[in-house]
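Participant: Below is a structure I'd like to ask you about.
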Protein chains: 2
Amino acid sequence: MSFRKLDELGHRLAALEHALAILGADEATHMAPGGGEARAEAMSALAGMAHRQASAPEIGDWISAAETEDLNPEQQTAVAEFRRHYVNLTALPTEFVERQTRTRMRCEQLWRDLRAKGDWAGFLPALEGVIELAREEASLRAGVLGLSPYDALMEQFDPGNRVADIAPVFAELKAFLVDFVPKALEVQERRREKHPLRPLSGNYPIERQRELGLAMMTAVGFDLTRGSLSVSHHPFCGGVPTDVRITTRYRTTEFLSSLMGILHETGHALYEQNLPRQWAHWPLGKARGMAMHESQSLFVEKQIGRNPAFWEWALPVVEKHLGEAWSKDEILAHVHHVERGLIRVDADEVTYPLHVILRFELEQDLISGALEARDLPEAWDQKMRDYLGLSTIDAPQDGPMQDVHWPSAAFGYFPSYTLGAMIAAQQWAAIEKEIPDVEAQFAKGQFDAVNAWRNDRVWSQASLWSTPELIERATGEPLNAAHFTAHLEARYGG
Amino acid sequence: MSFRKLDELGHRLAALEHALAILGADEATHMAPGGGEARAEAMSALAGMAHRQASAPEIGDWISAAETEDLNPEQQTAVAEFRRHYVNLTALPTEFVERQTRTRMRCEQLWRDLRAKGDWAGFLPALEGVIELAREEASLRAGVLGLSPYDALMEQFDPGNRVADIAPVFAELKAFLVDFVPKALEVQERRREKHPLRPLSGNYPIERQRELGLAMMTAVGFDLTRGSLSVSHHPFCGGVPTDVRITTRYRTTEFLSSLMGILHETGHALYEQNLPRQWAHWPLGKARGMAMHESQSLFVEKQIGRNPAFWEWALPVVEKHLGEAWSKDEILAHVHHVERGLIRVDADEVTYPLHVILRFELEQDLISGALEARDLPEAWDQKMRDYLGLSTIDAPQDGPMQDVHWPSAAFGYFPSYTLGAMIAAQQWAAIEKEIPDVEAQFAKGQFDAVNAWRNDRVWSQASLWSTPELIERATGEPLNAAHFTAHLEARYGG
């Protein structure tokens, strides 16, 4: 029976993915510094084994045969998702993948070296090479999937996402934000005039911050019997659903960036920890794409962790662990701080989408050929001035050399960040209707009801639906920018 | 070229072994408690992949072809070791391995449960099943290897070890120890009458013990850029040569068991860290068997760590980290404590070999059929009374139910422990001749010369030679009990 063969393949691939996930998390947390070369060699060999096994020609035959077998509905859906993975995995010829991997890795290395120096001229030829291959990839995938080239790239990160649906929503959001950012800044300034910002004391021992982080993450639902918190240079959520590794980094001068980071990664972790266990070794059992994953992390960070009601419960917890008493207004002034800046990863929830929309617009033009890499600095600067009133023309390291995504050929990924923020706000709006006292619950440190809703509507659904389907099934309507703009209005509009 | 195929196979197997080693170490140190089931599944699948790839029929053809190719001497030796591994790996039919694995795992589980209760009658049938299959395994391996059955089992742990060579050496050692143990105890008693034992203060914070352990392990040569120290329930040395994971456990009431444990594992780690890197992905590049590995751990623990000269350097280090001053005589009274006991793993270096020789004698008879499992309690008790003057007849949990080795079908392993102690003493005797001031060096905290000798004679040799060849090449003579007995005489004979 071919379904059984696919099921067994799933177990083999799950074992290799388990190893890759734990080796990857271990590399960033516990590996000895000299272990990197052998680790990279081992992981690359294991990834090669996984790819060869998952893309072998006979898998296509098994899937075709399984599609004609007498299966229950769950198995049928599992086969469909096997098919989707297989089609995407085999859309590119091996020769192309090897060429692209070499080009991409060279460009990434160059980027790490030249970004610090702001050397755009030195970086440009490598980026041009990556863009050329990204256009080729988009065209190859488009042919296989029957999609437009840029849609075919987005499809890798969020199945079902289409420019035709997203572009108008982003355009609406952009129009709102270009006006709203100055307004939010003005509101903030007026507030600060009345209530000057109380600075952080600057003395937060790491061990206490860690205890605080553990207290918060478990309160909002992280299961410490199936996961852990450690330290790494770049915070991440990794590991496997039964052993989710989240990390943070600490600065003893302040505690909010680590705490908010822990809540963000906890959001990712809750999704992973609550995926259906019985599907764990099937593609069907995986989380549904990057936008939905980001919506879950942003939900915990922004909808829970930056919610004023949350801080009614959280402030005594902070005081208990850090020995420092704050009023709600004092802490919210930090938690809701808005600032125009050049750097996406440092941006707050008001300005962040403009960074993403800028990139979304530029990368569509890069893939279509309407924009060439050599014209990026000017195009970037123009949009930066239009959207945020800032210029990057003299600082390419803060402009088109800012992110690792393009050097590593991840075109089509950026929209996921802002889609995630919008989905989180839309889910929050639905929850507020269905659980009217949800904020009163937060104020008491109760997160069971909100998690039950999310488990029912998102986590338990794994990869049963496309991203747009999952949004609509969870919230009762398609993606709608109004929920996110209403959220920003309520929190930052004064 | 077939050698290239073997070389590529080596890289693939090394990647899987890397994953298994790190996943195994991670499981005992950093894994979330709920991650065990998925981890076991993943590791078993990866082990299956490694076994299938290493034992595939075409590998035999590649080896045969490579044996006729025009290779340099290093490659020829590599092929010979590929052959040795392949022969041992394929000596047992798959059907037999599966049957044995099931029987063994059931017996191990039963052992964990019934040992605590001392339920020999409940345990006996499972052990009988394991012994029956061990006899079958020994006979199958003997046929393939052209060895006697018990030799064929020892060959898995220490290539080249033969009863004909070891039994006389062990017999000599036993005769010596049966007289020497009472003498050493008498010497100790006389000393204690003059100088009563100064008890440990019983207040040793874990973090300080850890710092002390790190200071000692790096002083004797552990490279912290290619390894680390963490905590686990059972101390071990795991990981990979570029990232060796050693562990310990701490009790705040005393510091010597953790410190000596760390030195022991550091001995294993030094061997792994200093294996030739260019052979890392070949069987040739692996450490030479269990006896030689144990000799390296015991060398650091006993020849270095329990050497009085070592403590001249070590006492100020202990004082610095634990804030407690000891005289050399005071600490040596603890470090050289001798005591007759029932439990092998708790035994000191004087009494330990008698525990091993007892098991070595019994398991030869179990494999040959001269002894049946049901007669083990009496046979064990008889030897225990003869060798150590103790009885286990009323406590099977301290007798034949004591160790995990037999329930897990590891017959032929026990000799490695005492061979390791003898090899360490023999290497020490050679070193004392070649580096006459070695103890003066220890007293100054200098371990470079002794490590250079061991690197030259042992670590760099990896699996170039059989165990007996390696002993003789390193020390200039075959295994000779006189060095170990002389060592015990000098340290414990008064």
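Participant: Nearest-5 percent of antiparallel DSSP beta bridges in segment B:158-494?
Facilitator: Around 50 percent of the beta bridges assigned by DSSP in segment B:158-494 are antiparallel ones.
Participant: Hey, which of these cross-link pairs are over 31 Å Cα-Cα: B:LYS194/B:LYS320; A:LYS117/A:LYS302; B:LYS183/B:LYS383; B:LYS183/B:LYS286?
Facilitator: Flagged as over cut-off: A:LYS117/A:LYS302; B:LYS183/B:LYS286.
Participant: Work through the residues other than A:GLN427 whose Cβ is under 9 Å from its Cβ and net out their charges, Lys, Arg +1 and Asp, Glu -1.
Facilitator: +2
Participant: Checking understanding here: applying a Kyte-Doolittle mean of at least -1.0 and a length along the axis of at least 18 Å (C-alpha), which whole DSSP H helices in chain B pass?
Facilitator: B:2-29, B:36-55, B:73-89, B:120-145, B:163-194, B:206-219, B:256-273, B:308-322, B:352-368, B:415-434
Participant: Let me make sure I get this right: for segment A:2-156, a, b and c are the square roots of the gyration tensor eigenvalues over alpha carbons, sorted descending. Under 1.5 in a/c it's rounded, otherwise prolate if a/b > b/c, else oblate. Which is it?
Facilitator: Since a/c reaches 1.5 but b/c is at least a/b, the shape of segment A:2-156 is classed as oblate.
Participant: Still on this model: If you take all C-alpha pairs in the protein assembly as shown, what percent of them are over 44 Å apart?
Facilitator: Every Cα pair in the protein assembly as shown considered, those over 44 Å come to 44 percent.
Participant: Next question, about the same structure. So for the protein assembly as shown, taking the charge dipole from beta-carbon charges (+1 Lys/Arg, -1 Asp/Glu), which of A:GLN303, B:TYR271, A:VAL356 sits furthest toward the positive end?
Facilitator: The Cα lying farthest towards the positive end belongs to A:GLN303.
Participant: Explain nothing, just the number: dipole magnitude of segment B:27-99 about its Cα centre with +1 on each Lys and Arg Cβ and -1 on each Asp and Glu Cβ, in debye rounded to the nearest 20.
Facilitator: 260
Participant: A follow-up question, please. Using the charge dipole of the protein assembly as shown (Lys, Arg: +1 at Cβ; Asp, Glu: -1 at Cβ; taken about the Cα centre), state which of B:SER232, A:PRO478, B:ALA462 has its Cα farthest towards the positive end.
Facilitator: It is B:SER232, whose Cα lies furthest towards the positive end.
Participant: I've got another one for you. For segment B:210-308, how big is Rg over Rh, using alpha carbon atoms and the Kirkwood form of Rh?
Facilitator: Here Rg/Rh amounts to 0.97.
Participant: Quote the relative contact order of segment A:2-156 in percent (integer), defining contacts as alpha-carbon pairs under 8 Å separated by 6+ residues.
Facilitator: Contact order relative to length: 20 percent.
Participant: Using all C-alpha to C-alpha distances in segment A:314-462, build P(r) with 10 Å bins and read off the rounded percent in each one.
Facilitator: Cα pair-distance distribution for segment A:314-462, in percent: 9, 28, 26, 22, 13, 2.
Participant: So, with +1 on the Cβ of K and R and -1 on the Cβ of D and E, and no other charges, what is the size of the charge dipole of chain A about its Cα centre, to the nearest 20 debye?
Facilitator: With Lys and Arg at +1 and Asp and Glu at -1, about 780 debye.
Participant: A further question on this structure: I'd like to know which of B:LEU124, B:GLN100, B:PHE157 lies farthest towards the positive end of the charge dipole of segment B:84-183, counting +1 on Cβ of Lys and Arg and -1 on Cβ of Asp and Glu.
Facilitator: B:LEU124
Participant: Right, next: What per residue convex hull volume, in Å³, comes out for chain B when only alpha-carbon positions are used?
Facilitator: Taking the convex hull of the Cα positions in chain B, it is 152 Å³ per residue.
Participant: Show the residues, 5+ positions off or on another chain, whose built amide H is closer than 5 Å to the amide H of A:VAL231.
Facilitator: Here A:THR248 satisfy the definition.
Participant: Right, here's the next one. Which value at 222 nm does chain A reach when only helices count, each DSSP H run of 4 or more adding -39,500 (n - 2.57), with the total divided by all residues and rounded to the nearest 500 deg cm²/dmol?
Facilitator: When only DSSP H runs of four or more count, the value is -21000 deg cm²/dmol.
Participant: Mind checking the log10 I(q)/I(0) for segment B:439-494 at q = 0.22, 0.26, 0.30 Å⁻¹? Debye, one equal scatterer per Cα, no solvent, two decimals.
Facilitator: Treating every Cα as an identical point scatterer, log10 I(q)/I(0) equals -0.98, -1.00, -1.03.
Participant: Now, a different point. State whether segment B:156-226 is rounded, prolate or oblate according to the following rule on the C-alpha gyration tensor (a ≥ b ≥ c being the square roots of its eigenvalues): a/c under 1.5 gives rounded; otherwise a/b larger than b/c gives prolate, and the remaining case gives oblate.
Facilitator: oblate
Participant: Provide the three semi-axes, in whole Å and in decreasing order, of the ellipsoid equivalent to segment B:87-145 as defined by the square roots of 5 times the Cα gyration tensor eigenvalues.
Facilitator: 27, 11, 8
Participant: Here's something else I'd like to know. Measuring nothing but label to label, 7 Å from Cα along Cα→Cβ, what are A:GLY48's distances to the other copies in nm, shortest first?
Facilitator: 2.4
Participant: Normalized C-alpha radius of gyration of segment B:286-360, against 2.2 N^0.38 Å?
Facilitator: 1.34
Participant: A follow-up question, please. Can you give me the long-range amide H partners of B:VAL244? Hydrogens built in the peptide plane at 1.01 Å from N, cutoff under 5 Å, separation of 5 or more residues or another chain.
Facilitator: Those qualifying (amide H under 5 Å, at least 5 residues apart or on another chain) are B:GLY227, B:SER228.
Participant: I would also like to ask the following. If you place +1 on the Cβ of every Lys and Arg and -1 on the Cβ of every Asp and Glu, how big does the dipole about the Cα centre of segment A:224-336 come out, in debye to the nearest 20?
Facilitator: With only Lys, Arg, Asp and Glu charged at Cβ, the dipole is about 460 debye.
Participant: Hey, another quick one. Normalised by the residues of chain A, what does the relative contact order come to in percent, with Cα pairs under 8 Å and at least six apart?
Facilitator: 20
Where a number appears in this text, it was derived from the coordinates with a stated rule and is not lab data. This one's a predicted model, so the numbers in the text were calculated from it and none came from an experiment. No Cβ is skipped: glycine too gets one built from the backbone with ideal geometry, and neighbour counts run over all protein chains shown.
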